[in-house]
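Have a look at the structure below before the remarks.
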Amino acid sequence: MTQPPAPQPAVPHPAVAQPAVPQTTATHSPAIHSPAPGRPSTSTSTSTSVSPTAKSLWRSGRGIVAIALIILAAAVVTLLLSSGQRQGRPLDPDDTSLAGSHALAQLLRDRGVTVHRVDSAAAAEASVRAARENAQVLVTGTAYLSEQEADRLASSRADLLLVGPVPYAERLAPDATTPEGGQDAISRSRDPGCFLPAAVKAGSAYLGGLTYSGPAGAIGCYPAGDAYTLLRYPQGGHTVTLVGSGDFMTNQRLAEDGNAALALNLAGTRPTLIWLVPSPEPPQVAGAQGKSFNDLIPAGVKWGALQLALAVLLVAFWQGRRLGPVVAEKLPVVVRAAETVEGRGRLYRARRARARAADALRTGTLHRITPRLGLPPGAGWEAVVSAVAGRTGHDTGRVGAALYGPPPADDAGLSALADYLDSLERQVKDS
Amino acid sequence: MALTGRAGLLAALGALLVLIAPRPGLAVLGVCLLIAALIAVDLALAGGVRELRFQRSGERLVRLGGQVEAVLIVENPGRRRVRGVLRDAWPPSAGGTPRHHRLDVPPGERRRLVTTLTPTRRGDREAVTVTVRALGPLGLAARQGSHRVPWSVRVLPPFLSRKHLPSRLARLRELEGRHPALVRGQGTEFDSLREYVVGDDVRSIDWRATARRSDVVVRTWRPERDRRVLIVLDTGRTSAGRVGEAPIPLAGAAPQPAGGALPAPGWPRLDWSMDAALLLAALAARAGDRVDFLAYDRAVRAWVSGASRTELLSALVTSMAPIEAELVEADSAGMVAEVLSRARRRCLVVLLTDLNPAALDEGLLPHLPQLASRHLVLVAAVADPRVAAMAAGRGAPELVYDAAAAEHTQSERHKLTARLRRQGVEVVDALPDDIAPALADAYLALKAAGRL
């Protein structure tokens, strides 16, 4: 039988083949349920600017600007209101917080003591000279002092009241010694235990911290162990007083015990008290020529660095500005359909489910070879085994064990079973 | 507004100047003021972006795997030249190139920019925005602005199985009797009577007509025409599973882990089913049958009915293009009810779904008798070649366990197929590459047997 050559119809793609023809599916089949209406395949569309104008920027940004202004105003007001009070500076005569010593300074002023708050050693020396050396310098552990400044303070004729761990204390009070390896005494209420009038009148006070022992002629009070937390001794025509810690002078502790009395007795010995506080600027570490590192850098370098930082800012703005928006797209889910089957396989493996695995393999093999043996789908196992054995020439017992036997004892057995089932199937197919 | 690298370079050069200047503080101030002034001048002299007018034209339909040009016409009605960069932003899967265009439009003129789209995914792709960065004459700063120029391109299913259409049409012509081999049985519908010629099957002699005509007359037959075929596409969760190898790589595929043994995800079952549906529709339309199309998961996703023979395929691909698999369990009861309400007369209902025992047991099987009693039902499912490959795994224990799992899945599928066949439902279960021709062959076989 011959076939005449059938005309091979050109099979164009249905919709793409005729691009110029308008898509008129919507009109021809109004029943199309389709989200996009049929549109001509070539058309024009107009544009609208979506860039923000100055007006829209102002409209969208004015709320933020208003909030920023309110925050700024609140910050400025708070700063102005609190600028008179120096907060958070321990043992500062202007600090009214718990750690400050405003109360003590006020009490001293009430008693006619002039309190000078100075923030540098040079100013302290000037004040001492102004008071004609009838003054006492109070140095607390928070003050900054250099070695030379400490020497100059020690050599001045003013009394010294050193509270807490003062820098260069060994130069300010060379005769007072701290016990070797001695630990700081715990701050607590201590009894005077001495005959110093200032301490005896005050009674017990909250003291601790560093402990000192002094030279002959020194009076130690408030003992802690072998040493004293308060030590007073004369040194070259003026008096040096060392106190272990300044807690008793703080606004928090001043009202307790005899703290206030002790503080007034110690600090009010001279008509002028020069209270050395740390300067707001951290001290410059000077080199050999008395110039700090900052002094040695030419001014142009700092300004050049500033200029470079501006350049980096401009480059960041250049690189950071995106050309148009980030385009987000809803993507379809990507899940391979075989994942459930793979998951089942892993479950079999994890649970060593050899019985189920062998059963599945045998079912598959039987499903494939039963029709080839000419047996009905529901054939009994004896019939299948004898048919397979007859077809392949294998031993009936072995075929029966492979097709219907107990599950294999280990994984190697399962592999062997799979291979044997394969060979059976192949031989049945080939026979 | 945007800056260029020149502004940063200028500022960096200014740093050198500051280093050697006698008054560095003033020099910094001067350099900053100078740069600010230059930027301000540049911005003032740059071409206006807001006034630009845009128009689009070009193709709106493209087959997946093809390319389409999106033409953008930029018109500059302003008084200054617009020189700079333009970005025509499209979603990533639209595959627009180039990403940036150089733009130079003198005042009052227009320029034509072409973005070539190579979509990697079916569906509608909408243009996002057109952003223009117009540089000033100094090249220090630029005005930047975006415009919305709506445009969309519909990416149609590729209909790769159309290569199988000529051979199936040849088979169809054989059925129709245009082929010289006129044998009884190649058709079931009575066509006409004609005189007996030697070689005709004696069983087709119409004795009654022979008695009337005093001449031997035979009946001729032809295949049935004007039958109805309703293709139902299940777009539920089982259609999202990816099988086979994607003939056209799909965007959105998870990047392959280095050294991973897992095969790349292929096409969703949905896309393979669409391919098969298109081949069947093309064949049925040529065979003179009327084809309707329904896509359903829990609601009607697409419905094409009453399209003429010439319009059918374009209507189908257009309505198929935006369909995505919904990650919900398909509502089989609703689908059956929808089919029954839409197909009043007996027709061939081709159900493109997955032979998933769990999903079908609770979903379709209880409602199938209702459908099968009124219509001829054909269930077509895409099998997973990966499962077949796993079933052949031998050697290492984990491969054998995987093989057992695959055998289990396959035997479940066989059982389900047997159950469906017992209910009088035709089943086509084929690998992704074979599903379209297999479905076409099943249709031709039904037609030859006169079961439509």
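The values are calculated or read from the model by the stated rules, or taken from the named source; none is laboratory data. None of these values were measured; they are calculated from a predicted model. Don't worry about glycine lacking a Cβ; one is built from the backbone with ideal geometry, like all the others, and counts go over all protein chains shown.
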## Note on the structure
When (1) in a loop (DSSP other than H, G, I, E, B); (2) touching a Gly at 6+ places or on another chain (Cβ under 6 Å) are applied to A:P179, the one that fails is (2)
### Options B:R374, B:R419: the member that is surrounded by fewer than 18 Cβ atoms within 10 Å (Cβ to Cβ) and either without any contact (Cβ under 8 Å) to a residue 40 or more places away in the chain or outside the structural domain of B:R242 (by TED's automatic domain parsing) (or both)
B:R374
### Message
I'm checking my understanding of the structure. Among residues of segment B:194-211 that are surrounded by fewer than 11 Cβ atoms within 10 Å (Cβ to Cβ) and of a type in the set (K, R), which one is modelled with the lowest pLDDT?
### Response
B:R203
### Task
Would you list the strands (runs of 3 or more DSSP E) that sit entirely within segment A:206-256 and hold 1 or more residues that are under 15 Å from A:P90 (Cβ atoms) and touching a Cys at 6+ places or on another chain (Cβ under 7 Å)?
none
### Task
Filter segment B:123-149 down to residues that are surrounded by fewer than 24 Cβ atoms within 10 Å (Cβ to Cβ) and farther than 21 Å from B:R102 by Cα and give me whichever is farthest from the chain's Cα centre (by Cα).
B:E126
### Query
Consider A:Q183 against the criteria (1) surrounded by fewer than 17 Cβ atoms within 10 Å (Cβ to Cβ); (2) in contact (Cβ under 8 Å) with a residue 60 or more places away in the chain: it satisfies all of them except one. Which criterion is unmet?
(2)
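Let's see how each residue does on (1) under 43 Å from the mean Cα position of the chain (by Cα); (2) touching a residue at least 24 places away in the same chain (Cβ under 8 Å); (3) surrounded by 21 or more Cβ atoms within 10 Å (Cβ to Cβ):
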site	(1), (2), (3)
A:T178	yes, yes, no
A:C194	no, yes, no
A:P197	no, yes, no
A:A205	yes, yes, yes
A:A216	no, no, no
A:R232	no, yes, yes
A:D247	yes, yes, yes
A:E256	yes, yes, no
A:G268	no, yes, no
## Note on the structure
Residues of segment A:300-351 being exposed (fewer than 15 other Cβ atoms within 10 Å of the Cβ), within 30 Å of B:P268 (Cα to Cα), of a type in the set (K, R) and more than 37 Å from the chain's Cα centre (by Cα), in sequence order, are A:R346
### Query
In segment B:101-110, what residues are more than 20 Å from B:L43 (Cα to Cα) and touching a Leu at 6+ places or on another chain (Cβ under 7 Å)?
B:H101
### Message
Out of B:A70, B:A11, B:A44, I need the residue that is small (G, A, S), out of contact with any Pro (no Cβ under 7 Å at 6 or more places or on another chain) and surrounded by fewer than 22 Cβ atoms within 10 Å (Cβ to Cβ). Which one?
### Response
B:A44
### Query
Would it be correct to say that B:S411 is of a type outside the set (D, E), facing chain A (nearest Cβ under 7 Å) and more than 31 Å from the chain's Cα centre (by Cα)?
yes
#### Entry: Qualifying strands (runs of 3 or more DSSP E) (wholly inside segment B:1-118; at least 1 residues being within 12 Å of chain A (Cβ to nearest Cβ) and among the small types (G, A, S))
B:53-58, B:68-75, B:82-88
#### Entry: Which listed residue, of B:D402, B:D429, B:D384, is within 11 Å of chain A (Cβ to nearest Cβ), within 28 Å of the chain's Cα centre (by Cα), within 30 Å of A:L347 (Cα to Cα) and among the acidic types (D, E)
B:D384
### Message
surrounded by fewer than 15 Cβ atoms within 10 Å (Cβ to Cβ), assigned by TED's automatic domain parsing to the domain that holds B:R143 and within 33 Å of the chain's Cα centre (by Cα): which single residue out of B:P106, B:P98, B:P91 fits that description?
### Response
B:P98
### Task
Within segment B:260-288, track down each residue that is buried (at least 23 other Cβ atoms within 10 Å of the Cβ), over 14 Å from the mean Cα position of the chain (by Cα) and not small (G, A, S).
B:P265, B:L280, B:L283
### Query
Which numbered condition trips up B:P357, out of (1) within 25 Å of the chain's Cα centre (by Cα); (2) within 12 Å of chain A (Cβ to nearest Cβ)?
(1)
### Query
What tally of residues in segment A:46-83 results from selecting those that are among the small types (G, A, S) and exposed (fewer than 10 other Cβ atoms within 10 Å of the Cβ)?
3
### Query
Is it fair to say B:E324 is surrounded by fewer than 21 Cβ atoms within 10 Å (Cβ to Cβ), modelled with pLDDT under 95 and within 11 Å of the chain's Cα centre (by Cα)?
yes
### Task
Could you tell me whether any residue of segment A:329-343 is more than 30 Å from A:P408 (Cα to Cα) and more than 8 Å from chain B (Cβ to nearest Cβ)?
yes
### Query
Mind checking which pairs have a first residue in segment A:349-361 that is more than 7 Å from chain B (Cβ to nearest Cβ) and closer than 8 Å to B:A404 by Cβ and a second that is of a type outside the set (A, V, I, L, M) and loosely packed, with under 13 Cβ neighbours inside 10 Å, Cβ under 9 Å, 6 or more apart or different chains?
A:A358/A:P406
